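Presented below is the structure to which this report refers.
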Amino acid sequence: MVNLVPEKLPKHVAIIMDGNGRWAKQRAMNRIRGHQEGAESVREVVRTTRELGIPWLTLYAFSEENWRRPRYEVNALMKLLKRFVRAELEEMLQNGIRLQSIGRVHKLPQDVQKVLQEAEKKTASNRDTVLTLALSYGGRQEMTDAITAIVRSAEKGEVTSGSITEELIEKSLYTRGMPDPDLLIRTSGECRVSNFLLWQLAYTEIYLTPTLWPDFRKEEYLKALEEYQRRERRFGATGEQVAGAKGRWEL
Ligand code: IPE
Ligand code: IPE
Ligand code: MG
C-alpha cells in the first residue's frame, strides 16, 4: 500500500523518461516499439499527476542531443509526438491540463510544431496541471539562449552588470514563471542528468529507479512520490532548523 500525504506532495515533478530502447531490445523488438509503449506510461503518469492535484509536470521527451540518433528513429519519435498530442487533446481539455513546451522547438518539423501550437492554444486557459514537454531541449542551450537575451538587453542599455540577479536569469530561461522541480525522476538505472534543467535542479530531490520507462506506470510513480515524502529538504540549513520550523521556515 502506498501512503501519500496530500500536503507533502511535490508541486513540480520532472522526469527523464529513459529506457525505451532497452525495453524493446529485451523483447527482440524494434526500438520504436519501446517508444510506443513509453507513450502509454506518459499517459498514465499525466493522468495520475492530475488525479493527485500536482500542478506542474515536466517531461524530457527529446533532448537537443537526441538529434544525433538515426534519422528513422528521430522521424518515428516526431510522428509519435504528433500522434500523442492529437490523441490526448480531448482528455487534456476535460481535465484542466495546460500543455506547453520548452526547448528549441523551432527545430522540430513544421507539422509537429503546428499540432503543438494548436494544443497549447486550446489548453491555454486550463489551470489544474501544467504539462511541459521538453523538446529539442538542452540545459546548456537554455543558458546560452538566456545569456544571449540578457546581453541583448544590455546592448540596449536596459541591463547593467550590477543588475544581474538570479531573478533576472530565471526570467530569461525557457522555464520563466515555473517553480523549480521538487522531484526529479530518472528511469532505466542511469545516474546522470543528461543536460536536463541544469539551473533549475539546484535543490531538487532525485529519485533513480532501474525500471525502464515503458514499465514505469502508476504504481511505480506512487512509489517515487512516497519516497519523496520521506526526504528531508534542508536547502543548506540544518536538520534541527528544518524540524523546528515544521517545513515553514524561510531562507
Ligand atoms: C528514452 O528512451 C526516450 C528518448 C530519449 C527519446 P531511449 O530511447 O533513450 O532508450 P534507451 O536508453 O536506449 O534504452
Ligand atoms: C535523456 O535520455 C533524454 C530524454 C529522456 C529525452 P538519453 O537516453 O538521450 O540520455 P543519455 O544519452 O543516455 O545520457
Ligand atoms: Mg536513453
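Every number in this text was worked out from the coordinates using simple rules, so none of it is lab data. As the structure is a prediction and not an experimental result, all values here were calculated from the model. With ideal geometry, Cβ positions are generated from the backbone for all residues, glycine too; neighbour counts draw on all protein chains shown.
Plainly put, segment 108-251 has a radius of gyration that is 1.01 times its Kirkwood radius, both from alpha-carbon atoms, as the Rg/Rh ratio. Site pair THR148 and ASN3 shows an inter-label distance of 5.1 nm when each label is modelled 7 Å from Cα along Cα→Cβ.
Please sort by residue number the trypsin sites (Lys or Arg not before Pro) in segment 1-108 whose DSSP state is loop and whose Cβ has at most 16 other Cβ atoms within 10 Å. Don't skip to the end; give the middle numbers.
Numbers: sites: LYS8, LYS11, ARG22, LYS25, ARG27, ARG31, ARG33, ARG43, ARG47, ARG50, ARG68, ARG71, LYS79, LYS82, ARG83, ARG86, ARG98, ARG104, LYS107; in loops: LYS11, ARG27, ARG104.
Of the trypsin sites (Lys or Arg not before Pro), the ones in loops of segment 1-108 whose Cβ has at most 16 other Cβ atoms within 10 Å are LYS11, ARG27, ARG104.
Computed from backbone phi with θ = phi - 60° and the Karplus coefficients 6.51, -1.76 and 1.60, the 3J(HN,Hα) list for segment 109-126 is x, 3, 5, 5, 4, 5, 4, 5, 4, 4, 5, 5, 5, 5, 9, 4, 8, 6 Hz; x is used for glycine and proline. Listed by chain and number, the aspartates and glutamates placed with their C-alpha closer than 13 angstrom to that of LYS25 are GLU37; residues fewer than eight positions away on the same chain are left out.
Each residue, ARG71 and LEU168, gets one label point 7 Å from its Cα in the Cβ direction; the gap between the two is 4.5 nm. Considering helices alone, the calculated mean residue ellipticity of the chain at 222 nm is -14000 deg cm²/dmol, with DSSP H runs of length four and up weighted by -39500 (n - 2.57) and normalised per residue. About the centre of its Cα atoms, segment 162-251 shows a dipole size close to 80 debye [charges on the beta carbon of Lys, Arg (+1) and Asp, Glu (-1) only; nearest 20 debye].
For the pair LEU222 and MET29, what calculated FRET efficiency results from E = 1/(1 + (r/R0)^6), where r is the Cβ-Cβ distance and R0 = 22 Å, to the nearest 0.05? All intermediate terms of the calculation are to be shown ahead of the outcome.
Numbers: r = 28 Å, r/R0 = 1.25.
So, using R0 = 22 Å, E works out to roughly 0.20.
Taking only alpha carbon atoms, the chain gives an Rg to Rh ratio of 0.98, where Rh is the Kirkwood radius.
Give me the distance between the Cα centres of segment 143-203 and segment 56-122, rounded to whole Å. So the two Cα centres are separated by 21 Å. With semi-axes defined as the square roots of five times the eigenvalues of the C-alpha gyration tensor, the equivalent ellipsoid of segment 189-251 measures 27, 16, 8 Å, largest first.
Under a Gaussian network description of the chain, with springs only between Cα atoms under 10 Å, the residue in GLY138, GLY96, GLY38 that fluctuates furthest is GLY96. Taking the Kirkwood radius as Rh and the Cα radius of gyration as Rg, segment 181-221 has a ratio of Rg/Rh equal to 0.98. Placing +1 on the Cβ of every Lys and Arg and -1 on the Cβ of every Asp and Glu, with no other charges, gives segment 8-250 a dipole of roughly 660 debye about its Cα centre. The phi-based Karplus calculation (6.51 cos²θ - 1.76 cosθ + 1.60; θ = phi - 60°) puts the 3J(HN,Hα) values of segment 228-239 at 4, 5, 8, 6, 10, 9, 10, 6, x, 7, 9, x Hz, whole numbers, x for Gly and Pro. For a straight C-alpha distance cut-off of 28 angstrom, the lysines reachable from LYS114 (same-chain residues fewer than eight places away being disregarded) are LYS79, LYS82, LYS122, LYS171. Taking amide H as placed 1.01 Å from N in the peptide plane, the amide H of SER101 sits under 5 Å from that of LEU133, each at least 5 places away or on another chain.
Straightening the chain between ALA243 and ARG127 buys 38.5 nm, computed as 0.36 nm per residue apart minus the Cα-Cα spacing. Taking all C-alpha pairs of segment 1-119, those more than 20 Å from each other amount to 48 percent.
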